[in-house]
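Input: one structure, supplied below.
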Amino acid sequence: MSAANPGSKPSLALNAALKSTASPEILARKTVWIFDLDNTLYPAECNLFAQVDQRMGEFIAKQLGVPFDYARHLQKSYYRQFGTTLAGLMRVHKMSPEPFLDYVHDIDVSVVPDAPELRAAIDRLPGRKLIFTNGSRAHAERVAGKLGVLDLFEGISDIASCGYEPKPSAAAFDSMIKHHGVPSNDAAMFEDMPQNLEVPHKLGMATVLVHSTYMDHPIQRDMRNWSALPEHVHHLTNDLTAFLKVIDVNGSPGDPGTGN
Ligand SMILES: [Mg+2]
């Protein structure tokens with residue numbers, strides 16, 4: 001029957017005994033497909049987010065007039081405490097978000113690969129597709145455009161449209177759901193950050209953790225100690241395209257573990 005990690009490749013970072021907790025036929029019947037952007041739709045290995053990460057530190061150092069190393073310390077502290085670096089800068093330093101977002105997303109997206117197989121895999125899914133990102137709409141459009149998938153998405157829920165309230169907060173999901181009219185029980189959420197799947201799980205969405213090699217947050221590093229998937233992570237994959245390709249889009253009981 002179903003494999004533990006549909007479409008996955010061996011991972012040194014995760015315990016090989018991890019099992020999927022949701023049945024594939026439940027995922028097959030979903031009608032709204034919601035994708036995180038950074039390190040989910042594109043592979044972390046292209047190091048695009050490393051550019052964003054570096055520029056966040058630069059921005060803080062310039063704006064606050066502090067050494068880069070201290071700026072990096074603040075950046076990571078705010079990330080852990082507030083969910084995103086930007087949320088911390090807005091609450092603690094009363095910064096306006098737009099200059100920050102413009103600066104950190106001024107990056108070289110040529111490192112993002114063209115992704116025709118990912119495009120085909122998303123395109124075959126029945127129903128609506130959305131991008132839900134803690135970044136800006138402009139960033140999502142540039143990156144999804146480089147991947148070659150942008151036109152497949154009905155909409156983008158970005159940090160501004162969520163009132164600068166980031167995932168993993170329930171308020172961010174509430175904004176996205178209301179704005180796009182998402183029926184939670186019929187939706188599936190794909191994410192590289194496990195904590196961003198807790199709220200969608202509670203709301204009745206199917207959840208898929210796209211395991212990323214970019215492990216910047218303590219919660220991601222804790223994944224190495226998982227002996228089983230937590231309740232809020234229904235599926236796990238190292239390869240989003242392979243995972244999507246084997247979902248039975250006809251809604252009959254299928255086995256996404258056998259198609260790879
Ligand atoms: Mg992400």
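Every number in this text was worked out from the coordinates using simple rules, so none of it is lab data. The model shown is predicted, which means the values in this text are computed figures rather than measured ones. Every residue, glycine as well, gets a Cβ built from its backbone with ideal geometry; the counts of neighbours run over all protein chains shown.
Got the relative contact order for the chain handy, in percent, Cα pairs under 8 Å and 6 or more residues apart?
Numbers: 471 pairs, mean separation 88.4, N = 260.
About 34 percent, as a whole number.
Given N residues in the chain, what is its alpha carbon radius of gyration divided by 2.2 N^0.38 Å?
Numbers: Rg = 17.8 Å, N = 260, 2.2 N^0.38 = 18.2 Å.
Computed over Cα atoms of the chain, the ratio equals 0.98.
Right, next: Could you list which residues have their amide H under 5 Å from that of Leu236, counting only those 5 or more apart in sequence or on another chain, with H placed in the peptide plane?
Those lying under 5 Å, H to H, from Leu236 are Leu209.
Report the residue, chosen from Asp216, Asp69, Asp239, that carries the largest GNM mean-square fluctuation when the chain is represented by alpha-carbon nodes joined by springs under 10 Å.
Asp69
For segment 74-192, taking Cα atoms only, what is the radius of gyration to one decimal and the Dmax to the nearest whole Å?
Cα-based Rg and Dmax for segment 74-192 come out at 15.3, 45 Å.
Ok, one more. Please report how far the C-alpha centroid of segment 61-123 lies from that of segment 139-170, rounded to the nearest whole angstrom.
With segment 61-123 and segment 139-170 each reduced to a Cα centre, they are spaced 14 Å.
Just grab the label-to-label distance for Asn47 and Asp186, each label 7 Å out from Cα along the Cβ direction, in nm (one decimal).
Modelled inter-label distance: 4.4 nm.
Full extension from Asp106 to Asp69: what is 0.36 nm times the residue separation minus their Cα-Cα distance, to one decimal in nm? Mind showing how you got there, number by number?
Working: separation 37, 0.36 × 37 = 13.32 nm, distance 2.10 nm.
Going from the current span to full extension adds 11.2 nm.
Work out, step by step, the length gained on full extension between Leu150 and Asp222: first 0.36 nm times the residue separation, then minus their alpha carbon distance; give nm to one decimal.
On the way: separation 72, 0.36 × 72 = 25.92 nm, distance 3.25 nm.
Contour length minus the Cα-Cα distance gives 22.7 nm.
Report the number of Lys pairs in the chain whose alpha-carbons are under 22 Å apart, with separation of 8 or more residues or on distinct chains.
So the count of such lysine pairs works out to 24.
Using helices alone, I'd like the mean residue ellipticity at 222 nm for the chain: each DSSP H run of four-plus residues gives -39500 (n - 2.57), total over residue count, nearest 500.
Values: 11 runs with 101 residues, N = 260.
Roughly -11000 deg cm²/dmol at 222 nm, from the helical runs in the chain.
Which order, highest average first, do 117-128, 188-199, 142-153 follow once you tally other Cβ atoms within 10 Å for each residue and take the mean per peptide?
Details: 117-128: 16.1, 188-199: 23.3, 142-153: 18.1.
Descending mean neighbour count gives 188-199, 142-153, 117-128.
Something else: Return Ile107, Ile247 ranked ascending by Cβ neighbour count within 10 Å, so the fewest neighbours appear first.
Details: Ile107 19, Ile247 26.
So the residues, fewest neighbours to most, are Ile107, Ile247.
Then there's this: With a point put 7 Å past each Cα toward its Cβ, work out how far Thr213 is from Thr31 in nm, to one decimal.
It works out to 4.0 nm between the two label points.
Ok, one more. Considering the alpha-carbon set of segment 48-104 alone, what are its Rg and its Dmax in angstrom?
Cα radius of gyration and Dmax of segment 48-104 are 10.0, 28 Å respectively.
Also, quick follow-up: In the neighborhood of Glu141, defined by Cβ-to-Cβ distances under 13 Å, what is the net charge if each Lys or Arg adds +1 and each Asp or Glu adds -1?
Details: positive: Arg137, Arg142, Lys146; negative: Asp151, Asp158.
That works out to +1.
Return the single residue from His211, His105, His180 with maximal mean-square fluctuation; model: Gaussian network over the chain, springs between Cα atoms under 10 Å.
Sorting by GNM fluctuation, first place goes to His180.
For the chain, with a Gaussian network of springs between Cα atoms less than 10 Å apart, report the residue from Lys62, Lys167, Lys30 with the top mean-square fluctuation.
Highest fluctuation of the listed residues: Lys62.
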